[in-house]
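The values are calculated or read from the model by the stated rules, or taken from the named source; none is laboratory data. Since the model is a prediction, treat every value here as computed from it, not as a measurement. Cβ: placed from backbone, ideal geometry, glycine included. Neighbour counts: every protein chain shown. Note: accessible area is taken over every heavy atom of the protein model, side chains too, but ligands, DNA and RNA are not part of it. Shrake-Rupley method; radii C 1.70, N 1.55, O 1.52, S 1.80 Å.
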Amino acid sequence: MPDIPRQGGFGPTTSRPWSSKPYHHPAAAWGAARSVAKVLIKERELIKGSAAMLTMNHPVRGFDCPGCAWPDDKGVALDICENGIKHVTWEMTPKRVDREFFASHSVTDLATWNDHDLEDQGRLTEPMSYDEATDRYVPITWDDAFAMVGDELRALDTPHAAAFYTSGRLSNEATFLYQLWAREFGTNNVPDCSNMCHEASGRALNASIASGKGTVSLADWDECTALFVLGVNAASNAPRMLTSLAHAVKRGAQVVHINPMTEAAATRTIVPHEIGQMATFQATDTSTMNVQVRPGGDLALIRGMAKAVFEAEDADPHGGALDHDFLERFTDGFDDYRAVVDTVSWAELAKQAGVSEKQIREIAQIYLDSPRSIISWCLGVTQHEHGVDTVREFTNLLLLRGNIGREGAGPSPIRGHSNVQGNRTCGIDHNPSERFLAALDAECGIVSPRKPGLDTVKTIQGMNDGSVRVFVALGGNFVLAAPDTKYTAQGLRKCDLTVQVSTKLNRSHLVHGRRALILPCLGRSERDEQETGRQGVSCEDAMSNVQLSVGKKKPASRHLRSEPAILSGMARATLPDSATPWEGYVADYDRIRDSMSRVLPGFDGFNDLVKQPMGFRIPQAARERIFHTPSGRAEFSHAPVPNAIPVDADVLVLQTMRSHDQWNTTIYSSDDRYRGVKNLRELVFMNADDMRDRGLSEGAFVDIVSTSRDGTQRSLTHYRAITYDLPVGAAAGYMPEMNALVGAADYSTQSDQPLMKNILVRIVAST
Ligand SMILES: Nc1nc2c(c(=O)[nH]1)N[C@H]1C(S)=C(S)[C@@H](COP(=O)(O)OP(=O)(O)OC[C@H]3O[C@@H](n4cnc5c(=O)[nH]c(N)nc54)[C@H](O)[C@@H]3O)O[C@H]1N2
Ligand SMILES: Nc1nc2c(c(=O)[nH]1)N[C@H]1C(S)=C(S)[C@@H](COP(=O)(O)OP(=O)(O)OC[C@H]3O[C@@H](n4cnc5c(=O)[nH]c(N)nc54)[C@H](O)[C@@H]3O)O[C@H]1N2
Ligand SMILES: [Mo]
């Protein structure tokens, strides 16, 4: 056992005592305001930061918030939130990581620092390359850096020995150049964070309605009469959604939260934009019902709702339980779906969902009483083995009552990174469609490879078996974000070259290949000047709106380059004879957009559309009830109800999630406000009965041992057990620390997503 018990996890080191007590205040209230003031002061950015905030998400002059993908609200003058402000301030910090910093710290030394302290050093300022002799990063010119990338890539036996990762922050324009570079070079190896995030949603929706995206807009959220929200911690991870939830409850809509944990957004909020509410401490409810489902039990619960719909139909065939006209005209596979619903008993559904038949019937009644319903979800649904089947079950339920392709109704996944959806739209897809590749080839005069590429999980395998030799990352923090931290690190260390295009120092710079580059780029809030003047880039939010984003701030260093410029430099060095106008694209991003307008469906007139206030919404056939599936209809799926209950009684299902005070691998503090925890991240939340069964008192040290599908075991020791209102058999803790417990073999066979919400563990008192 360590002398001083660790408490910080990957957050800042703290010797303050930890504490845990239930949070009783409405979400987003003064706690949020106080926390914003604290971060602004800490970063000494109070004045500048506040001024910048006024242009964030502004319909004409602003830059897009680099935080989450929730859409901007036209009706709100200042559409910002606590976590967006924290996030952009973190980017705008006046602190700098310069060549003197790297000269005075070896990589071995930096590797002992905690993750918070690495990022907290500030913004990267110039390109650096790893020098083995001194174990330090040393300055390198941009041209030499590009040449190194080009040399290493051209030396590979096959283009498939390179992988090009992206985290979902890259603008649409940069994305288009990135995938073009990879494909012109000859590979579809473009793994992305979406492989760990909403891959399941994309696959399911594509199979059901031939569109990988949700079909609803914010206007639909304002029109719906019932909202079912599954597996999202909105108050922390999509705080602007609180406004929509509060407005829905106020207008009399039903808002049902389905989650093993009753999160803060499932209670009440002080609507962030309503200053009057803030001043008078008036809270609005954000929920009309909360349901604590068993981890992985969502499919069973939704199927139970479908069963109740069929029973209502049988009891009164003219009562309108089913939308016969819609089913007849627009769907395929209804009879088989009815059959799979009929075969499963209420007892089995209730057992698998961990929710009583009575309560499932109550939720179903809300659905039956609602003329317009939306189902919305995030990682609590996707990061499970049966994520695809579960999202398809949402569509099944929606189809029964014609809740797709009309106002106020439809599926609405909550995306993660601010442009993760746009990345996919613009070609980051390891398994691209022939339609996309043909259009790309026609526009760019290349011959794209047709062989499917590697996703995140397969890239890590490839690094480890030696088939992937060069790894390029546009943003993100791969080594911590990916599963099986040790195995991922081992893979990265085997590479010939690792390239990280980043804004801040992070762990992925320290766990590197034989040769390594850190290439610093402009952040979204910064001015991007090229040959023809100031450039803007675009992003797509979770509801398919594409908007221009123009940075205003002076760049953190004069050596920084924009992501398009860095990509173009690397591409030219890799493909010296390429006919692609790499330099021309960078001189004027309108030219990138012109090319994109000819490749991407719905992007005709891209340059004009994107410059309108609030941009434009990508047209979507499924929204108009046109389904480009093989049958030409929306497809019912017929998956059996999966078993969600571990075979061994002493095994708990552990989910790994974010605290309130973190952005994925960036951890601002070791507090988790809405869950009432302070100064502690190395914890595991457990049900009181599960604690008692194991003889654990509050805060006791425990070891957590996971057993992978391949039988291997991984463990974390000296975590603190904290009682929490979770279903018996469920446990929860924080990512990215707990990626150490996710085995390389533990990914969904349906989505290839790592099972980050479904780790089978045994928890025992530490010795
Ligand atoms: N401030 C902030 N904002 C963010 C991020 C951030 O780190 N910080 N990250 C961004 C990214 S990339 C993403 S993908 C999103 C993530 O947004 P979330 O999906 O909210 O992320 P998590 O913190 O992983 O929370 C998962 C939620 O699912 C619930 N859950 C777990 N298992 C189940 C289950 O079996 N069924 C159901 N119904 N629920 C379950 C958990 O209790 C928890 O409430 O947020 C984005 N926004
Ligand atoms: N166990 C577990 N693991 C998870 C998850 C989970 O729920 N549980 N969630 C998964 C999910 S949903 C996701 S999306 C991934 C997130 O995985 P990633 O996207 O890989 O990780 P981030 O922490 O978002 O990346 C942060 C880094 O991005 C860089 N950065 C910031 N801004 C910019 C910019 O403008 N440009 C560039 N080039 N770089 C920038 C900074 O250097 C910063 O250190 O993690 C996944 N991992
Ligand atoms: Mo994500």
- request: Would you please give the FRET efficiency between GLU583 and ALA219, computed as 1/(1 + (r/R0)^6) with r the Cβ-Cβ distance and R0 = 41 Å, to the nearest 0.05?
  value: 0.45
message: Give me the extension gain from SER467 to THR343: residue separation times 0.36 nm, minus the current Cα-Cα distance, reported in nm with one decimal.
response: 40.0 nm
field: Ratio Rg/Rh [Cα only; Rh per Kirkwood] for region 697-746
entry: 0.99
task: Mind checking region 512-543 for GluC sites (Glu not before Pro) that DSSP puts in a loop (not H, G, I, E or B) and that have at most 11 other Cβ atoms within 10 Å?
output: GLU531
field: Label-point separation in nm, VAL138 to SER631, each point 7 Å along Cα→Cβ
entry: 6.5
field: Tensor-based shape of region 506-547 (alpha-carbon gyration tensor, a/c under 1.5 rounded, otherwise prolate or oblate)
entry: oblate
- prompt: Taking a quarter of the surface of the Cα convex hull of region 537-625, what do you get in nm²?
  reply: 7.7
Three-way shape call for region 343-480 based on the alpha-carbon gyration tensor, with the a/c threshold at 1.5: prolate
- line: Mean 1/r over distinct Cα pairs of region 166-249, inverted to a Kirkwood Rh in Å, yields 15.7
- line: Of region 118-134, those with amide N under 18 Å from the point 7 Å along the Cα→Cβ vector of LYS95 are 118-126
- request: Apply 1/(1 + (r/R0)^6) to the Cβ-Cβ distance of SER557 and THR288, taking R0 = 56 Å, and write down the FRET efficiency to the nearest 0.05.
  value: 0.65
- prompt: Over region 378-433, what percent of the accessible surface lies on carbon and sulfur atoms, probe 1.4 Å?
  reply: 44
statement: Once VAL728 and ALA147 are pulled to full extension, the length gained, defined as 0.36 nm per residue separation minus their Cα-Cα distance, is 203.5 nm
query: By average Cβ neighbour count within 10 Å, what is the ranking of 112-123, 306-317 from highest down?
result: 112-123, 306-317
query: Quick one: if the Förster radius is 35 Å, what FRET efficiency do LYS250 and ALA438 give, using the C-beta to C-beta distance and rounding to 0.05?
result: 0.10
query: How much space per residue, in cubic angstrom, does the convex hull of the C-alpha atoms of region 652-765 take up?
result: 102
- line: Per its Cα gyration tensor (rounded if a/c is under 1.5, else prolate when a/b beats b/c, else oblate), region 574-687 is best filed as oblate
- prompt: Given the Cα-Cα distance of VAL651 and ALA315 and 0.36 nm per residue of separation, how much length would full extension add, in nm?
  reply: 116.8 nm
- line: Of the candidates PRO601, HIS417, PRO127, the farthest towards the positive dipole end of the chain (Lys/Arg Cβ +1, Asp/Glu Cβ -1, centred on the Cα centre) is PRO127
Calculated P(r) tail over 20 Å for region 199-413, as whole % of Cα pairs: 56
query: Could you give the alpha-carbon Rg of the chain over 2.2 N^0.38 Å, rounded to two decimals?
result: 0.91
